[in-house]
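One structure below.
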Amino acid sequence: MNMRFKGFSVAALALGLLLLGSPAFAAYQLTLTSGAQSVTINSVTGCVASGGASCAGASTAVPGVVTFAGSLGTFMFNTVIGLLQPPLTLPDIMDMISLNVSSGGAGTITAQFSAQDFDFQTPPLGFVMHAGGTLTGPVGSSVTYQTFLDNANTLGAETVAIGAMGPFTTPSFSGSLYSETLAAAATYSLTQTLTLSLTGAGQMSGDFSLALVPEPTAVALLGAVLLLIGAALRRRASSRA
C-alpha cells in the first residue's frame, strides 16, 4: 500500500473513532406489555414474565441481540428482534426489526427496547429515527414510535424525548425524523418505544431504527482535518520530488 495513502487512512480512521465513540453495553433489554401481562428479557438477569405471560420463546444468546416469539394477551408475536451496534454497523445504533405481531381482537401492546452505556457525545450528536411497515386493522388502529435518552443511564427510562413518529394509521407507512442535538452525560441509556393499538382483529409488521448523525459542525471539522492532512502529504511529496 502507498505509504502516503496509508498514513491518510490511519489518520482518518482515528479521527472517525474519536468523533463517534465505541459503546460497551452494561445491559440491554426488550420489554413487551399488554394489559396486566408483560415479558422483560434482560441480557444480564434473564427473562421475567408476569400476569400469566411466559418467557418461552425469549433469547439473548447472541451478544447485542434480543429475540422473542410467543403470545401476550390477545397478541401473538411471530417474531420481534432487538439489535444493537454491534452487530449493527454505524450509523445505525438500535433497531427493532422483523417485528411481526397479530391479534384476534381489540387491544394495545407496547414493545420497548433499551440499552445502557451509550457514549457517543464528542462532538455533539444528533439522531435520526426511521420507521416503516404495514398495518392491517379496523378504523382507529394505529402505530406510534418514540425514542428517549436518559442521562442517569437507566434501562427503560423515558426521561428526555428524542422524537416521536405517528400515529400511523394507513395500511403502508414509512418515514424518518431528525432530532436536534441532545446534551448527554458521559454514558447514558437510549430507549425505543413502539405502541400498537388495534380496535379489532389485525396485524402489524415493521422495522423501527435509531441512527447516529454527526452535527454539521462535526462533519465540517472532519472535512477540514482531512483537507489539512491531504495538504501536508502533498507538500511532503513535493519536497521529495
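Data table
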{"quantity": "Cα gyration tensor category, rounded, prolate or oblate, for the stretch 25-218 with a/c compared to 1.5", "calculated": "oblate"}
{"quantity": "Mean separation of Cα contacts under 8 Å, 6 or more apart, over the residue count of the stretch 25-218: relative contact order %", "calculated": "26"}
{"quantity": "Other-chain or far-sequence residues with amide H under 5 Å of GLY156's (modelled H)", "calculated": "ALA115"}
{"quantity": "Peptide ranges 58-64, 164-170 listed from the most packed, as the mean C-beta count within 10 angstrom indicates", "calculated": "164-170, 58-64"}
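Each reported figure results from applying straightforward, stated rules to the coordinates on display, with no laboratory input. Being a predicted model, the structure only gives us computed values, none of them experimental. All Cβ positions, glycine included, derive from the backbone under ideal geometry; neighbour counts span all protein chains shown.
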